[in-house]
Structures are given as C-alpha cells and as structure tokens.
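K.L.:
Just passing along the structure, written as structure tokens.
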Amino acid sequence: MVKKGSDHPENKTFMKKKILIVGTRTWELTSIHMKYFVEEGANIVGVIESPTDKITSSTTGGSKSKPLNEWVEELDIPSIMSGDPKSKMVHEWVKSLQPDIIVVIGYQFLLPKEFLELAPLGVVNFHTSHLPRHCGKHPGFWTIWYGDKTSGMTIHQMDEGLDTGEVLYWNSVPVEDGDTVDTLYKRIWDNDRGLVKNFLEDLEVGELGYYVSGLDNLPEYTYNYTPTERDYELDFRYDAQTNANRCSMKPTEFYVRTKAGEKVYPLDYRVVEEVGNSRNFEVGKPYLYEDSIAYVTPNKLFVIDSFMSLGEPFTGNGWCQGQGAKRIV
C-alpha cells in the first residue's frame, strides 16, 4: 500500500534532510516517536510498515496504538509502504524516495547489508535500553529481571551485528520498584522528545553524535533472548528486591518449586530486613518467618505470604507444613 502526499496546512516540516522511518504496525514505540519527529519538523518522506508476524512481546496488556497507516494519514506523512524491509521490492521503493537517512523505531529482526546501504547516512535505530547492555529482544523485561537501577533510550548506528553499532545518543530514567515492562517503557518513551530534537538538529548540520555526553564508560555488552520457562523461576542468589520486582513485572508468572517439584506462584510478598546476625541459612531453601515463607537472599529476606497453585490461593504457613521448613523467627 502506497499513499501519496498532500499539502496539509498544519504541516510543520522545515528540515531539509530526508528521513525514511521503519516501524511496526500498532506498536507504541513506533507511533510515539514518529509523532515526536513530526512535531519537531522532521522531513519524513516515507514509512515502511513492517509485518507483525513472528513479533514477540513482553508487555502485559499488548499495544493499543493505532495502525501506522492511520498515523501516517493523521500526521500527513507523504508515503507508506507495507512490506518486509528485506525484500527487493521494498529496496527499490526506498531508492525512489532518495532518503538521506533511514530511522528504525520498532523492528525486531536483523536487516541485510543491502538495506543498511540504501541511504547515504546509513541506518540508525532506537533501542529501549542503555546499549550495549540488553541488546536484542525484550530489553525492558531484562532490565527489570537483572535489577538495573536506570534505563533509557539509545540511538545507535546500525551495522550487520545485533545492536552492535556505534552509540550516538542516549538518555536515562530511573527503574522503579514495582515497574512492569509497560510502565518502564512509558517512562522512557515519555522522556524521548528531547532526544529526538537533538538527533534532528545534529542531522541537519551533519554532526550526528555531537550531543553525546557521559558515554565514556559504556556498560558491557549483554545479549537478550526471548524469555523461556526457566527464566520465570525465582533465583534467590539475586537480592530480595530484584525478586520482588520480577514478581511485580509479571504477576503470577514467576514461581518457586515445592519439594515435589510443583510450581507455586507468589501472590502477596514483601522484602523484610534480616532478623539477628546469623547467616547460617541456605539460599533457595524455604524457611518459616512468622506465619509466612521466607527465602534468604544476599541482602534481606524475600517473604511470601500467599501463593497461587492450580488456580487456587493458599497461605505460606499452610505450604510450609508440608515442606519441613525450619523457622527463622
């Protein structure tokens, strides 16, 4: 599908550099940032709406964004193509638009070398983490899973690797206790208007990356995959708050195992200061704390007051009776 442009009286485009955007249908990551581009006067000559098949998500409620073709119409962007960025037909269409740069905002797959070379200034990508930490899929999930204290948006030059190109810009927001992937992403994306403005201003004068500051000590490269079943088992080698935040991120999806190997899912849980000075406890083994279950972590106790199992809630005390748990206090 290709839409031809029109002279809209509210069109605020005033920049000269021609931009082509690659995004995914009904993904807020794409639509929110595309709107920022338009509001900052970007000269968007076209949009590629990539297929949604095989897209995976770690958000809780799914995307509620309008389809990209509706955004394109509303924002008066001249042209849109629905297709796979890897296809020769799409490549020829991109060449016809003669963009100066291609901006990827929400695309989960590697792009071929041929596509990366279609524009004189190459391809840049918006990635929702502090690259090179959390390269790959689901960076919000893994940011919370690992207990990171900050996150943000990174703009980097794309190469043939997986989010390995040069970091050009980033910003930062706190990761808060109780965040879901949705709330973390919203905090990051709501903070990105200034990042888009800096990028566009530098693009216009041909100095991409000029605004970069505080990037002398980049984090180490880490690669993300789509979470598997074992990643949802709570790991008490991590601190208590990190385990609590994992449970808050995906309610009733993280679990611990009984002695018989049955999965039980924390419903009500809390982080408690340790009682006494003894550390003579085994990590990953349940103990009785008051009338609840407690797990020892490197700092503080992770206390579970109630669980879900087979669709029914039950208390930690009732569960402990069958586990032979010793009492901490």
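The values are calculated or read from the model by the stated rules, or taken from the named source; none is laboratory data. Fair warning: this is a prediction, and the values are worked out from it, not measured in the lab. Methodologically, a virtual Cβ is constructed for each residue, glycine included, from the backbone with ideal geometry; neighbour enumeration extends over all protein chains shown.
K.L.:
Given the conditions (1) at pLDDT 90 or above; (2) in a helix (DSSP H, G or I), which single one is not true for Gly46?
P.N.:
With (1) at pLDDT 90 or above; (2) in a helix (DSSP H, G or I) applied to Gly46, the lone miss is (2).
K.L.:
Would you tally the residues in segment 153-188 being touching a Leu at 6+ places or on another chain (Cβ under 9 Å) and over 29 Å from Glu117 (Cβ atoms)?
P.N.:
Number of matching residues: 4.
K.L.:
Here's something else I'd like to know. What about Thr242, is it modelled with pLDDT under 95, surrounded by 14 or more Cβ atoms within 10 Å (Cβ to Cβ) and not assigned by TED's automatic domain parsing to the domain that holds Val167? Before you say what the answer is, go through the steps one by one.
P.N.:
Numbers: modelled with pLDDT under 95: no; surrounded by 14 or more Cβ atoms within 10 Å (Cβ to Cβ): yes; not assigned by TED's automatic domain parsing to the domain that holds Val167: yes.
No: the conditions fail for Thr242.
K.L.:
Being part of a helix (DSSP H, G or I) and either outside the structural domain of Lys95 (by TED's automatic domain parsing) or of a type in the set (Val, Ile, Thr) (or both) is the filter; apply it to segment 16-34 and report the residue that is nearest to Pro99 (Cα to Cα). Before you say what the answer is, go through the steps one by one.
P.N.:
Here is the first cut: in segment 16-34, the residues part of a helix (DSSP H, G or I) are 28-34.
Checking the rest, the ones that are also either outside the structural domain of Lys95 (by TED's automatic domain parsing) or of a type in the set (Val, Ile, Thr) (or both) come to 30, 32.
Values: Thr30: 18, Ile32: 21 Å.
Looking at the filtered set, the residue picked out is Thr30.
K.L.:
Does segment 65-73 contain any residue that is among the polar types (S, T, N, Q), surrounded by 15 or more Cβ atoms within 10 Å (Cβ to Cβ), closer than 27 Å to His134 by Cβ and modelled with pLDDT of 85 or more? So that I can check it myself, show each step before the final result.
P.N.:
Narrowing segment 65-73 to residues among the polar types (S, T, N, Q): 65, 69.
If we keep only those that are surrounded by 15 or more Cβ atoms within 10 Å (Cβ to Cβ) as well, we get 65, 69.
Of the ones still in play, those that are also closer than 27 Å to His134 by Cβ are 65.
Filter once more, keeping what is modelled with pLDDT of 85 or more: none.
No, because not a single residue in segment 65-73 is among the polar types (S, T, N, Q), surrounded by 15 or more Cβ atoms within 10 Å (Cβ to Cβ), closer than 27 Å to His134 by Cβ and modelled with pLDDT of 85 or more.
K.L.:
Would a scan of segment 125-147 turn up a residue that is small (Gly, Ala, Ser), within 17 Å of Asn191 (Cβ to Cβ) and either out of contact with any helix residue (DSSP H, G or I) (no Cβ under 6 Å at 6 or more places or on another chain) or without any contact (Cβ under 8 Å) to a residue 60 or more places away in the chain (or both)? Before you say what the answer is, go through the steps one by one.
P.N.:
From segment 125-147, those small (Gly, Ala, Ser) are 129, 136, 140, 147; that's our starting set.
Applying the additional criterion that residues be within 17 Å of Asn191 (Cβ to Cβ) yields 129, 140.
Filter once more, keeping what is either out of contact with any helix residue (DSSP H, G or I) (no Cβ under 6 Å at 6 or more places or on another chain) or without any contact (Cβ under 8 Å) to a residue 60 or more places away in the chain (or both): 129.
Taking every residue of segment 125-147 in turn, at least one turns out to be small (Gly, Ala, Ser), within 17 Å of Asn191 (Cβ to Cβ) and either out of contact with any helix residue (DSSP H, G or I) (no Cβ under 6 Å at 6 or more places or on another chain) or without any contact (Cβ under 8 Å) to a residue 60 or more places away in the chain (or both).
K.L.:
Which of the residues belonging to segment 263-305 are assigned to a loop (DSSP other than H, G, I, E, B) and small (Gly, Ala, Ser)? If you could, list the steps in order and put the result at the bottom.
P.N.:
First, pick out the residues of segment 263-305 that are assigned to a loop (DSSP other than H, G, I, E, B): 273-286, 290-291, 297-300.
Correct list: Gly276, Ser278, Gly284.
K.L.:
Among the residues of segment 77-90, which ones are buried (at least 17 other Cβ atoms within 10 Å of the Cβ) and in a helix (DSSP H, G or I)?
P.N.:
Answer for segment 77-90, where residues must be buried (at least 17 other Cβ atoms within 10 Å of the Cβ) and in a helix (DSSP H, G or I): just Val90.
K.L.:
It is to be established whether one or more residues within segment 136-147 are in a strand (DSSP E or B) and modelled with pLDDT under 95.
P.N.:
Yes; the residues of segment 136-147 include at least one that is in a strand (DSSP E or B) and modelled with pLDDT under 95.
K.L.:
Moving on. Restricting to segment 250-265, what's the tally of residues that are under 17 Å from Thr297 (Cβ atoms) and within 24 Å of the chain's Cα centre (by Cα)? Full working, then the answer.
P.N.:
Start the filter on segment 250-265 by keeping residues that are under 17 Å from Thr297 (Cβ atoms), which leaves 254-257.
Imposing the further condition that a residue be within 24 Å of the chain's Cα centre (by Cα) reduces the set to 254-255.
Selection size over segment 250-265: 2.
K.L.:
Among Tyr269, Tyr265, Tyr223, Tyr255, which is the only one that is surrounded by fewer than 17 Cβ atoms within 10 Å (Cβ to Cβ) and either touching a residue at least 24 places away in the same chain (Cβ under 8 Å) or not assigned by TED's automatic domain parsing to the domain that holds Glu166 (or both)?
P.N.:
Values: Tyr269 fails: surrounded by fewer than 17 Cβ atoms within 10 Å (Cβ to Cβ); Tyr265 fails: surrounded by fewer than 17 Cβ atoms within 10 Å (Cβ to Cβ); Tyr255 fails: surrounded by fewer than 17 Cβ atoms within 10 Å (Cβ to Cβ).
Within the list Tyr269, Tyr265, Tyr223, Tyr255, the selection yields Tyr223.
K.L.:
Keeping to segment 226-235, report how many residues are at pLDDT 95 or above and either under 15 Å from Ile304 (Cβ atoms) or touching a Lys or Arg at 6+ places or on another chain (Cβ under 8 Å) (or both).
P.N.:
4
K.L.:
Could you list, in sequence order, the residues of segment 160-197 that are out of contact with any helix residue (DSSP H, G or I) (no Cβ under 7 Å at 6 or more places or on another chain), farther than 30 Å from Asn243 by Cβ and either of a type in the set (Val, Ile, Thr) or surrounded by fewer than 19 Cβ atoms within 10 Å (Cβ to Cβ) (or both)? It would help to see each step written out before you state the result.
P.N.:
Going residue by residue through segment 160-197, those that are out of contact with any helix residue (DSSP H, G or I) (no Cβ under 7 Å at 6 or more places or on another chain) are 161-168, 170, 172, 174, 176, 182-183, 186-188, 190-191, 194-195, 197.
Imposing the further condition that a residue be farther than 30 Å from Asn243 by Cβ reduces the set to 161, 164-168, 194-195, 197.
Gly161, Thr164, Glu166, Val167, Gly194, Lys197 - these are the residues of segment 160-197 that are out of contact with any helix residue (DSSP H, G or I) (no Cβ under 7 Å at 6 or more places or on another chain), farther than 30 Å from Asn243 by Cβ and either of a type in the set (Val, Ile, Thr) or surrounded by fewer than 19 Cβ atoms within 10 Å (Cβ to Cβ) (or both).
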